[in-house]
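In what follows, a structure is listed as structure tokens, so that the remarks can point back to it.
The values are calculated or read from the model by the stated rules, or taken from the named source; none is laboratory data. Predicted model only: the values in this text are computed from it and were never measured. As a convention, Cβ positions derive from the backbone with ideal geometry for all residues, glycine included, and neighbour counts pool all protein chains shown. Surface areas here come from the heavy atoms of the whole protein model, side chains and all, with no ligands, DNA or RNA. Shrake-Rupley method; radii C 1.70, N 1.55, O 1.52, S 1.80 Å.
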2 protein chains.
Amino acid sequence: MRRPRIKDVAEYAGVSAKTVSNVLNDYEHVSEQTRAAVREAIDALGYRVNIAGRQLRRGRTGMIALAVPDLDIAYFAELARHVMAETERLGSTTLLLETGGRREKELAAVRGFDTQFTDGVILSPLALQPRDLAGRDTRLPLVLLGECNPPGSADHVAIDNVTAAREATEHLLSRGRRRIAVIGGDLRGQRNTSGLRTIGYQEALTAAGLSLPDDLVLAVPEFRWADGATAARSLMRLPERPDALLCLNDHLALGAVRALHEDGWSVPQDVDVVGFDDIEATRFSIPTITTVAPDKPGIARRAVQLLLERIDAGVPGGPAVDETAGHRLIVRESSGG
Amino acid sequence: MRRPRIKDVAEYAGVSAKTVSNVLNDYEHVSEQTRAAVREAIDALGYRVNIAGRQLRRGRTGMIALAVPDLDIAYFAELARHVMAETERLGSTTLLLETGGRREKELAAVRGFDTQFTDGVILSPLALQPRDLAGRDTRLPLVLLGECNPPGSADHVAIDNVTAAREATEHLLSRGRRRIAVIGGDLRGQRNTSGLRTIGYQEALTAAGLSLPDDLVLAVPEFRWADGATAARSLMRLPERPDALLCLNDHLALGAVRALHEDGWSVPQDVDVVGFDDIEATRFSIPTITTVAPDKPGIARRAVQLLLERIDAGVPGGPAVDETAGHRLIVRESSGG
DNA sequence: GCTCCCATTTACATCGATGTAATCGTGTGG
DNA sequence: CCACACGATTACATCGATGTAAATGGGAGC
């Protein structure tokens, strides 16, 4: 028994296929009587629209893609939930994909994944280079989360990373910390998340009249627990050890805290630790972690709205929009709170 | 400028549309020369297949849905990664969806989400009742992860939860623990994950000649940090407090450890804590958490393979398959390791 | 030189839903 | 009583890709 088609419903209800379609799409000029008959036929046959047929005709899938580096990073999992909730609220479906932070995958996302089953893409890039967006096919709406784009090339939503990092650093300075290290930092002046946060950190140090110790800014291969642990260990072995660790995400912070614990340092007595993202674990770890909490629901909401507006607007699209979402520092045990 | 269609490629290359299609699908009887010309045309025009057209014709989307309760639960995020990796390896795409553990959403998953843009569904159910599967439309292949199904109604992959829980309990008994509580347990004899693990726990106690103290088996509203913390607190206030907590997932265990810490108990000196799932956090928390590690890659691989086999086999489908994946207990600091 | 074979290529129909434009039918105003 | 308006309904073409079956054309065999 094949799946019923719109035509089967039409025959069952004794009307034309187009009338069934009209009922399905809430077209206004359908009599109550016909509408009821069609509904009944739909129920009786267990009919469900074939999205391929619909899309072929309409040119839209009603699906958007959300591509994040890694769902193991709780921040992305939490963000994804908010995005899915928002798209669902607005009647779309989210196709969630992982890039692994690999450039080729991020490029695929920008291009719409080779097949065009997606009306638009929300991408949280890591490896993407500004030039990767240069010649992109603007028929596919794209919203970037976080930084890493040349202004004007695509819509983008992010928190004010410079300010956020500056505030976090100021918090540590206000506690008397002077040797503040950055785990996951980037001194090359990149306009990506790491780079901007490092700039904020430097601003705070400079404003406090401190020198910029570049042996305290440490890049990491990934932003996971293990990387935080490794980085913390190597920093604590410096001739002049840090008295605070500004970790550019919470996983790094949690890994750092674990390594410090294993090596006999206590947090926050010996070292303060601050993270970014406010993932749920930071509220239950021992100690709890001070962190910069981005407005995740706000980021998700704006990203989805921007994308759907672009999709609704159709092909061309005006100038790219930059949206700044809110953030706040939540002080917890790992820095004395 | 519209997106190029197969016809545009055909004209550009000076061949018929079908020949282009043949090239796209690696049909063997196409001359090298023609193939090269078509490839060139594809590149020149930036052509990409329209998946809607293809699906309409082929009747398949090449997409499967994976529906999990909650991506905030790290186990599901980790599992999702493995499923996505496996489907990608086999040339399919995963549509990842959250059910929130709500029955209506799980039912929607079983039905294929009202639109049929998915060739099959992998569902990790929480609220689903056995009868929900009774009259289901078997044209849509379905693989269940974890328990909660009447035998024979759908394929399913899970670890041996009874044995796993028994082993974990035996481990605690072997450490001299006698008042072992279960957080997230279920005494109603349900055949879901909680119920089966509770049975394993009871088996171990009985085998050790201990009575079954039902004040130590505590259900929780959700399986999150906060629930573990709340449950641990209330258990430790019992007249006769437990000396070990068997937590049915790692988030509960982590939350419990935090609550114990706040209330001045030390783990594992005063209380042992064991979790389930082996999420990454348990390897870096303070203390690290003893946990039952399910073979996540194995579960994902079998689930995807089963599903794709069903999809390839076409409509009917033989008897439901039950697959058991491996697990092992990893002893860490929270129970003395 | 003529068949026949087979590799290659193509015309056409089709998948299911929907936009367009035409048709049907009832009711209203003159 | 007719013309006309307008709500309801329908026939038909179309979206893009591909399966079917048939056409094309070059070479081998006799």
Which residues of the range A:277-316 bury at least 20 Å² of accessible area once all protein chains are present, versus their chain alone (1.4 Å probe)? A:Glu280, A:Ala281, A:Phe284, A:Ile286
Label model pair A:Gln305, A:Arg3: point-to-point distance (7 angstrom along the Cα→beta-carbon line) in nm is 3.5 nm
Amide H to amide H under 5 Å from A:Ala67: which residues, 5+ apart in sequence or cross-chain, H placed 1.01 Å off N in plane? A:Leu97, A:Ile122, A:Leu123, A:Ser124
Against the 2.2 N^0.38 Å scaling, with N counting residues, where does the range A:146-288 land? I'd like the Cα-based Rg ratio to two decimal places. 1.00
Which distances, in nm and shortest first, link the B:Gly91 label point to the same label point in every other copy, taking 7 Å along Cα→Cβ? 3.6
Using a Förster radius of 56 Å, what is the FRET efficiency between B:Lys18 and A:Ala219 based on their Cβ-Cβ separation? Nearest 0.05, please. 0.60
Excluding ligands, DNA and RNA, what is the accessible area buried between chains B and A, summed over both sides, using a 1.4 Å probe, to the nearest 100 Å²? 5000 Å²
Charge dipole of chain A built from unit charges on the beta carbon (Lys, Arg +1; Asp, Glu -1), centred at mean Cα; most positive-end Cα among A:Pro4, A:Ala300, A:Leu144 is A:Pro4
Residue-by-residue Karplus 3J(HN,Hα) for the range A:14-20, coefficients 6.51, -1.76, 1.60, Hz, glycine and proline x: x, 10, 8, 4, 5, 5, 4
For the range B:154-207, Kirkwood radius (reciprocal of mean inverse C-alpha pair distance, Å): 11.4 Å
Please get the size of the charge dipole for the range B:140-208, origin at its Cα centre, with Cβ charges of +1 on Lys and Arg and -1 on Asp and Glu, quoted in debye to the nearest 20. 420 debye
5 Å is the cut-off here: which amide hydrogens, built 1.01 Å from N in the peptide plane, fall below it relative to A:Asp155, excluding neighbours closer than 5 in sequence? A:Leu142, A:Leu144, A:Val321
Please list 3J(HN,Hα) in residue order for the range B:208-215, calculated via the Karplus relation 6.51 cos²θ - 1.76 cosθ + 1.60 where θ = phi - 60°; whole Hz, with x for glycine and proline. 8, x, 9, 7, 9, x, 6, 6
What is the average number of partner chain Cβ atoms found within 10 Å of a Cβ in A:224-235? 1
DSSP loop trypsin sites (Lys or Arg not before Pro) in the range B:1-95 with at most 15 other Cβ atoms within 10 Å of their Cβ, which ones? B:Arg2, B:Arg60
Quantify how strongly other chains surround peptide A:135-144 by giving the mean number of their Cβ atoms within 10 Å of each of its Cβ atoms. 1
Relative contact order of chain A (C-alpha contacts under 8 Å, at least 6 apart) in percent is 16 percent
P(r), alpha carbons of the range B:6-49 - 10 Å bins starting at zero, rounded %: 35, 61, 4
The range A:6-49 - percent relative contact order, Cα under 8 Å, separation 6 or more: 44 percent
With the label 7 angstrom out along Cα to Cβ, how close does A:Gln190 come to the same site in each of the other copies, in nm, nearest first? 4.6
Provide the per residue accessible area, probe 1.4 Å, for the protein assembly as shown, rounded to a whole number of square angstrom. 42 Å²
Please report, in cubic angstrom per residue, the volume enclosed by the convex hull of the alpha-carbon atoms of chain B. 163 Å³
Rounded FRET efficiency, nearest 0.05, which uses the C-beta distance separating B:Glu32 from B:Glu88 and R0 of 30 Å: 0.50
At most 16 other C-beta atoms within 10 Å and a DSSP loop state: those are the exposed GluC sites (Glu not before Pro) I care about. Give me the longest piece of chain A that has none. A:29-239
Hull volume per residue for the range B:21-81, using the convex hull of the C-alpha atoms, in Å³ is 146 Å³
For chain A, modelled as a Gaussian network with Cα springs under 10 Å, which listed residue fluctuates most, A:Ala219, A:Ala154, A:Ala313? A:Ala313
What nm distances, shortest first, do you get from the label point of B:Asp322 to those in the other copies when the point sits 7 angstrom along Cα to Cβ? 6.0
Apply the Karplus curve 6.51 cos²θ - 1.76 cosθ + 1.60, θ = phi - 60°, to the phi angles in the range A:73-82 and return the couplings in whole Hz, x for Gly and Pro. 7, 4, 4, 6, 5, 5, 4, 4, 4, 5
Apportionment of accessible area to carbon and sulfur, the range B:6-49, percent (1.4 Å): 48 percent
Taking amide H positions as placed in the peptide plane 1.01 Å from N, state which residues far from A:Arg328 in sequence (5 or more) or on other chains have amide H under 5 Å from it. A:Ala293
Once you have the alpha carbon radius of gyration of the protein assembly as shown, what is it after dividing by 2.2 N^0.38 Å, with N set to its residue count? 1.05
With springs connecting C-alpha atoms under 10 Å apart, model chain B as a Gaussian network and identify which of B:Val220, B:Val182, B:Val157 has the largest mean-square fluctuation. B:Val220
Rounded to the nearest 500, the 222 nm mean residue ellipticity computed for chain B from DSSP H runs (n ≥ 4, each -39500 (n - 2.57)) alone is -12500 deg cm²/dmol
For chain B, modelled as a Gaussian network with Cα springs under 10 Å, which listed residue fluctuates most, B:Thr198, B:Thr99, B:Thr206? B:Thr206
